[in-house]
Every structure is written in structure tokens, then in C-alpha cells.
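Enquirer: Sharing a structure below in C-alpha cells format, with a few things to ask.
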Amino acid sequence: DQILNKLLYGNLHWLIVEKQLPVKRSIDSGPYSSDQLELLYNERLRPLDVMPYTNVVLAFQKISDSWELFELYKPYRKARLSVVNIASNYLPAVDRYGSQLIVRRKLVDRRRNLQGFAMPCGTATTSPEYFTGMDDRNDVHDLFTKANFPFIRELMYDLNFTLNMVQLDKVGYKQNGTFSGVMGKFQNRSIELGCLGTLMRTERLEVADFMIVTLIIKSSIIFRQPPLSIVANIFELPFSVGVWACCFALMAIYWMTMIAIRQLTSGERFGAIESLVYIIGTMCQRGCDIVPQFNGTRLLMFSLQLTSFFILTSYSASIVALLQSPSRAIASVGDLVRSPLKAGVMDTSYGRVYYQETQDPDVQELYRKKIKPHGEKAFLEPNEGIGRVKQEMYAYEGELNAAYKVIKETFAPEEVCKLQELEAIKLPPFGIPIVKGSKYRELIRQRLMWQREVGIIKRFNLIWIHQKPQCENLNAGFSSVGVVEMRYLYLFLAVGFLAALATLLAERSWWSGMAKKLKSRTAIIRRKNEA
């Protein structure tokens, strides 16, 4: 009881052995030989799992009432039992606070030495056609594997173990109660450690423990806002509704004034139709071949031309600015669904899973309307997807690391400023897994925490994760005006042609009727004269 009360400063399993063993000095194991302690282990300690992070202490009481304390552990199950002498001739009554034992235990660092144990380890390479090695930073595929392997390599050097690696083609998801891929290996306990980072999903906690968050990969939809001329009629936008109403009211006032001048004077050439055509032409900066007869009409026409000049100047300047302006039409996933943009997804295993599992109605609608109908063609490699974003009205959802790398290589600085992002699916963090209930879990977790504290994890994240390209010149470059931007003008031109043709046919029909009536009257008058 004294020993338990004074020396229990950790999760220690104490086994007090009453029988005396024959004393035999040994440099490695203290007063008892390793063979004798191995024999004791086989008899009394085999039910206890004395793997590296367990704490089993044997206390032997001597005839002189002093204690001999040993710590037992194995670096792995098939290894020979390791024995460390904690204290010899230990007297609890003299060492009141157990300081002797604490100092001796702090000097024991051999627990971290796994003595070259071949750790069963599983990894996944989902894109073997692109895989050229764990250190290839030019390849953006399987980032969750390659960016986490440096931490495993540091653990190998730190804990002195090797890897008995099993390479699979997927991390694995649960289907019908059974896991596939690496998680399936955890389920049948054929591997101990995952040499990769995996998404921390709830169902994976059934077969694996996650020790530390090592990597956070974001997945976003990258797109360019469609030009304002595509989502709106830019020929209506320069003026507000009130200004347009004032323009039409001004035209009506000038028209009625010119008609009034015609009525008050005699010999003025501008009638009602001529005045209307002149006013419309002047507002569009068109001239007229009819010369007014009176100075009042001339003054009225001059004021109309001056007014239309300032109106048209403001209108034209606004049109030029609007042609180069991006829209703000897409601010959410729902706006993207309703937009004319097509959509694609990066070809990853989790991308397919999370789009099908999402509960967001907008994301569900995006998948149902813009991704699922295209089948496998909607799942693209990053260089193809970002290329379509650059060339087309296209939205591409993928890992930001892969997307940023392609953008840096293919986009001009002014083109980067036009890119925007939307988050459709939120990925959980990536962590290094270990088999459920592993005796190495706490040991490896502590060493991974140490890597985080000294900056190793941060350093490798900066090496492997591409940062977002910066917008260097927002106002540089220009957008060419194409057929899409001019579609409303072409529509107005077609309407004008059709209206002119309809007017022509109506006039010909009216003149044909008038000619027939005139011819009938002429014939009647001729017959009357002949009679």
C-alpha cells in the first residue's frame, strides 16, 4: 500500500511478487537475470499486454525489507521481453515522495525504441497512372497520401521502426457493414498504421482511431462570373426607369410642340409623321434632309439635337463600362444552378460520395441538374477542368491545392482577378489513422504532437499545399465584344426588318385597293359619259 500511494504517478500496473528468486547479478537486468524474469513473465504476466506504452512494474521484496523494482515491456509482440531496473534496495520509508523512482524513470528513454519493428502499414494510391513517387510535388493527385507520408517517415526515424507497407487503390467506405480498401485492412486487423491521411468520418471510427489532424484540404467551386452582357440587357442598364421615362416624355413634348407650330403657321414642311421620324432620328444622332421653314422650328430642332447629344454621350460611356464589367449574378450555389454555366467535378473518390450524401438542397440540385446528367464526363482532371473555366462559361469543383497549381501555371495575372469561389461540400479534416485499440496509439500520437509543436507539420504543409494566387492588377486587360453581347441589337435589327417588311406589304395592299377603287370609279364615269 505504501508503494502504491507514494509511487503511483502514472497509469502503472503493479505486480508485487512475494516469492523470492535466487539472486544472480546481471548488467542488463539488475539482480535477476533476464531468463528468470522471462520465466516469471510467462507464468504470471502473459495475460497482461506489455506493449511499449503499457506500464507494468514488478516489485520484489527482499529480506532486508527493501524493494527491487523492474519495468517490463516489449517493443512488439514477438520481441524479447525488455527489462529495465527502476530502483534497487528501495526503502519507501526513507524516500518519502518517491523522488528516486521518478528520476530513474525519467532517464529511461528506451521505451521509444521499437528496435526495427516492421510495422504493418497501409496506404492508398487512387491514381496509379499519375503516381511517380511519394516525393513528387508536381503531381496533384493523391495529396492525402503524399503530403502525410513525411510525418510517417519522421516517425520511423524517431521511433526506430520500418514499414511493411501494403498499397491499395482506395481508402475505403462502408458498404453493407464491410469496409473496402485501407479501412477494410483495419477491419480485419491486418495492418497497424495508416501511412496516409484519411477523412475523419464517423463510420471509420468503428475500425480506426485518428491520432491528430495533419492536413486540411478545401474543396471549392471555381468559376468566372458571367459578363454582365450575358445575364442582362446592357442596353437597358445605363439609364434608370425614371431617366428612360423622361427621355420618352421629352420626345413626346417636342413632337406635340412641332405639331402645334405646324398648325399655327402655314407652309411648314414638318407634318406629324415627319416630326416623329425626325425626333426619333435625332435621339439616335441621325440627320434629316428636310429643312424647316420657320426659325421657331429651327430653334426647337437645335435644342433637341443638343439634348440628344448629352444623352447619347452618357449612354455610350455607360455601355463601354458595362461591356467590361463582370456581373454579380452568382453569389450562392443556388445562383449557380440557375445560371447558364456548365459544371464539372474533380475526379476523386470522396467527391462522388459527398455529393450523394449532402443534405443541402442547393447542392443536391446542382448535382442532379448539372453533374449527374453528364455521367463520367462531368468528372474531370484539374488541368482540363480549370482549362474549361478559362475558355468557357464553366464552373469546376475540386481541391483548391490542385486548382491553384494549374491556375498559377496557365492564368495571366489579370485573369486571376476574375476567378471566384463557392463552397459546395465541406470536407472534414484529414488525420493519420491507426487500428482501433492499438497499443502504439498513444506513443505515436505523442510523437505526432511533438512534430506539430516543433513546426514539422506546418513546414510540410507549406511545402505541399499550393497557396491561392494573388490578384495583382484588377483593372488590367479587356474583354472583347462578341455575338452574345450584341444579341439584343441583332434582335432589334430583326424586329426592324420585319416591321419594315410588314409596313411595306400593308402599304402595297392599301395602294392596290386604292388603285382598284380608282379604276372602278374611272370605269363607271367613262360608262356614264358614253351613255
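The values are calculated or read from the model by the stated rules, or taken from the named source; none is laboratory data. Everything numeric here is computed off the predicted structure, so don't read it as measured data. All Cβ positions, glycine included, derive from the backbone under ideal geometry; neighbour counts span all protein chains shown. Note: areas computed on protein heavy atoms with side chains; ligands, DNA, RNA excluded. Shrake-Rupley method; radii C 1.70, N 1.55, O 1.52, S 1.80 Å.
Enquirer: What is the extension gain from Trp511 to His374, computed as 0.36 nm multiplied by their sequence separation minus the C-alpha to C-alpha distance, in nm to one decimal?
Expert: Once the chain is fully extended between Trp511 and His374, it gains 43.5 nm.
Enquirer: Now, a different point. Show me 386-392, 449-455 ranked by packing, highest mean number of other Cβ atoms within 10 Å first.
Expert: Final packing ranking: 386-392, 449-455.
Enquirer: While we're looking at this one, here's another question. Ranked highest first by the average count of other Cβ atoms within 10 Å around their residues, in what order do 115-122, 339-346, 295-302 fall?
Expert: Sorting 115-122, 339-346, 295-302 by mean packing, highest first, produces 339-346, 115-122, 295-302.
Enquirer: Assuming R0 = 60 Å, what is the FRET efficiency of Ile216 and Gln285, from their Cβ-Cβ distance, to the nearest 0.05?
Expert: Approximately 0.50, to the nearest 0.05.
Enquirer: Just to verify a number: FRET efficiency for Lys408 and Gln324, C-beta to C-beta distance, R0 = 30 Å, to 0.05?
Expert: Step by step, r from the Cβ atoms, then E = 0.75.
Enquirer: What are the ³J(HN,Hα) couplings of the stretch 462-470, residue after residue, when phi is run through the Karplus curve with 6.51, -1.76, 1.60 and θ = phi - 60°? Round to Hz, x for glycine and proline.
Expert: With coefficients 6.51, -1.76 and 1.60, one gets 5, 6, 8, 8, 6, 7, 5, x, 8 Hz.
Enquirer: So how exposed is Cys246, as accessible area in Å² (1.4 Å probe, rounded to 10)?
Expert: 90 Å²
Enquirer: Relative contact order of the stretch 232-324, please, whole-number percent, based on alpha carbon pairs below 8 angstrom and at least 6 residues apart.
Expert: About 32 percent, as a whole number.
Enquirer: Can you give the FRET efficiency to the nearest 0.05 for Ser314 and Glu384, using r as the Cβ-Cβ distance and R₀ = 45 Å?
Expert: It comes out at approximately 0.55.
Enquirer: Listed highest first by mean packing, meaning other Cβ atoms within 10 Å per residue, what order do 506-512, 182-188, 483-489 come in?
Expert: Going from most to least packed, we get 182-188, 483-489, 506-512.
Enquirer: Once you have the Cα-Cα distance between Phe248 and Thr162, take 0.36 nm times their residue separation minus that, and quote the gain in nm to one decimal.
Expert: Extra length from Phe248 to Thr162 when fully extended: 22.5 nm.
Enquirer: Using a 1.4 angstrom probe on the protein heavy atoms only, line up Glu399, Glu154 by accessible area, largest first.
Expert: Putting Glu399, Glu154 in descending order of accessible area: Glu154, Glu399.
Enquirer: Within the accessible area of the stretch 232-324, what % is carbon and sulfur when the probe is 1.4 Å and the other protein chains stay in place?
Expert: 69 percent
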